[in-house]
Amino acid sequence: MAYQVGYIIGSLSSESINRTLSEALISVAPDDLEFTEIPIGDLPLYNRDLDSSFPPEATALKEAIAASQAVLFITPEYNRSIPGALANAIDWASRPYGENSFDHVPAGVIGASPGGIGTAVGQQNLRGILSYCNARQMTAPEAYIQFDPQAYGKNGEVKDEELRTILTDFMQEFRDHVERVLTVLPRT
Ligand code: FNR
């Protein structure tokens, strides 16, 4: 039986290198992972005044996470942290109080940037947030991807052999992590 993975891209850009990375990750992932994007671009800014009457976009976000057996975050680093759009989505999903959508959810974190830091600092910030949200994170391997456009083809193709190995190993480990977590913490 396949595992349903919802994936969240931290960038709203139509030219996102993290979207390219997400396509590559999906193309090399084990066959028993099925992926659905969880969009975050249409969410209004979080406001706790709306906790008792969530807007439809925020309800859809929480439903999409609930329908996922695991969540994979693929995100840029902004100003050594995470993009505001992603922080906003996590704020919505973590509320209202007592209905945190990430509680016990298997999760993975990866990201790409043009520079050598490869989103390392942003990922650490995201890991702290997800820890607070009580997600069950894959802690290893980490993957800080310095984006080289030459390494990617169309439709998820990974031209660079070394990169393909790194991404394939990452997704295999993510699959195994999801299986381990769901064994003790099943999700419907
Ligand atoms: C960036 N960028 C960036 N890169 C990085 O490695 N560390 C950083 O802290 C930042 N900070 C940052 C802030 C803001 C507001 C922007 C717009 C950009 C550059 C960033 O890595 C680059 O624009 C990527 O292409 C963004 O990823 P997507 O949107 O292409 O997926």
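The values are calculated or read from the model by the stated rules, or taken from the named source; none is laboratory data. On a predicted model such as this, the values are computed, not experimentally measured, just so you know. Positions of Cβ are backbone-derived with ideal geometry, glycine not excepted, and every protein chain shown enters the neighbour counts.
Values for this structure:
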item: Qualifying residue in the range 87-105 (condition: away from the ligand (no atom under 16 Å from the Cβ), of a type outside the set (D, E, K, R), free of Cβ contacts under 8 Å to residues at least 60 places away in the same chain and at positive phi); result: yes
item: Yes/no for I26 being modelled with pLDDT of 95 or more, hydrophobic (A, V, I, L, M, F, W, C) and within 16 Å of the ligand (Cβ to nearest atom); result: yes
item: Selection count, the range 1-26, where residues are hydrophobic (A, V, I, L, M, F, W, C) and under 11 Å from E157 (Cα atoms); result: 4
item: Pairs, first under 14 Å from A135 (Cα atoms) in the range 62-85, second among the charged types (D, E, K, R) and more than 15 Å from the ligand (Cβ to nearest atom), C-beta under 6 Å, six or more apart; result: Q69/R187
item: Top-ranked residue of the range 142-188 - restricted to ones that are under 15 Å from the mean Cα position of the chain (by Cα) and outside any helix (DSSP H, G or I), ranked as surrounded by the fewest Cβ atoms within 10 Å (Cβ to Cβ); result: E142
item: Sole exception among (1) among the small types (G, A, S); (2) over 26 Å from E179 (Cα atoms); (3) surrounded by fewer than 20 Cβ atoms within 10 Å (Cβ to Cβ) for G118, by number; result: (3)
item: Leading residue by the ranking (nearest to Q124 (Cα to Cα)) among those in the range 46-80 that are within 15 Å of the ligand (Cβ to nearest atom) and surrounded by 16 or more Cβ atoms within 10 Å (Cβ to Cβ); result: E77
item: Contacts under 7 angstrom Cβ, first residue in the range 8-26 being in contact (Cβ under 8 Å) with a residue 12 or more places away in the chain and within 13 Å of S113 (Cα to Cα), partner assigned to a loop (DSSP other than H, G, I, E, B) and more than 9 Å from the ligand (Cβ to nearest atom), 6 or more apart; result: G10/I82
item: Residue match in the range 15-35 (condition: surrounded by fewer than 14 Cβ atoms within 10 Å (Cβ to Cβ), within 13 Å of the chain's Cα centre (by Cα) and in a strand (DSSP E or B)); result: no
item: Residue list for the range 1-23, restricted to those being within 13 Å of the ligand (Cβ to nearest atom) and over 12 Å from F73 (Cα atoms); result: L12, S13, S14, E15, S16, I17, T20, E23
item: Residue, farthest from the ligand (Cβ to nearest atom), within the range 106-126, restricted to residues that are assigned to a strand (DSSP E or B) and of a type in the set (A, V, I, L, M, F, W, C); result: A107
